[in-house]
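The values are calculated or read from the model by the stated rules, or taken from the named source; none is laboratory data. Quantities reported herein were computed from a predicted structural model and do not represent experimental measurements. Please note: Cβ atoms are built from the backbone with ideal geometry, for glycine as well, and neighbour counts cover all protein chains shown.
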Amino acid sequence: MSASSASRLAVAIDVAPPGWYAVRTRSNHEGVAVGALSAKGIHSWLPAVAVPSLRRGGGRRATLRRPLFPSYFFVRADLSRGARIEVLQAPGVVGILGSAGAPVAVPEREIHSIRTALDVRNPFEILYNLVAGARVRIATGPLAGVEGVLMQGPDGHSRIAISIELLGRTVVFKLNARDVSPI
């Protein structure tokens, strides 16, 4: 192999295509890492939800923002060597999810589905390592266009499961089964 072929191969291996990547953090360090990366101009997204806290004096409950996927957040970047190092050196970052030492992008449709569903603020539950079933797309209503897996909940109501497969996490929203169409 010539020197120029080897250098081209090294460049090709070292550059991940631009896209969304899942980043793992130490416990409760998601916000610190996102803040540090945002300050460096790296687009980061920490999906979060409002959850009630423990009761306070007088019976009132405060609402807290908690990460939707604890210990994970997403960056949208071209993870060339320099950007990858910036992400990995952020406070609290453990690593970038991937395979064989190379980052693996989260499909854009999965990020879009989670963003859309969080914007609508439907009630949800989180399932871990959901076995994939029939993929569907919501045809009507505020979640129109969202793709996921149709499933039936323990209460008999239909739900759509939106997965971030790389994380092994799924967010489940209640819906009417007649509002979906197969993909």
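Counting residues in segment 48-59 that are at pLDDT 85 or above and surrounded by fewer than 11 Cβ atoms within 10 Å (Cβ to Cβ) gives zero. From the residues in segment 87-110 that are of a type in the set (Gly, Ala, Ser) and surrounded by 12 or more Cβ atoms within 10 Å (Cβ to Cβ), which one is farthest from residue 34 (Cα to Cα)? My answer is 102. Apart from one condition, residue 171 fits all of (1) under 23 Å from the mean Cα position of the chain (by Cα); (2) without any contact (Cβ under 8 Å) to a residue 60 or more places away in the chain; the exception is (2). The C-beta contact set for segment 71-86 (first residue part of a helix (DSSP H, G or I), second residue at pLDDT 90 or above, distance under 8 angstrom, 6+ apart or interchain) comprises 83/42; 83/77; 84/96; 84/103; 86/37; 86/40; 86/42. Within segment 61-70, being farther than 14 Å from residue 33 by Cβ and assigned to a strand (DSSP E or B) holds for 61, 62, 63, 64, 65, 66. Taking the stated definitions as given, is residue 162 among the hydrophobic types (A, V, I, L, M, F, W, C) and either touching a Leu at 6+ places or on another chain (Cβ under 7 Å) or free of Cβ contacts under 8 Å to residues at least 40 places away in the same chain (or both)? The answer is no for residue 162.
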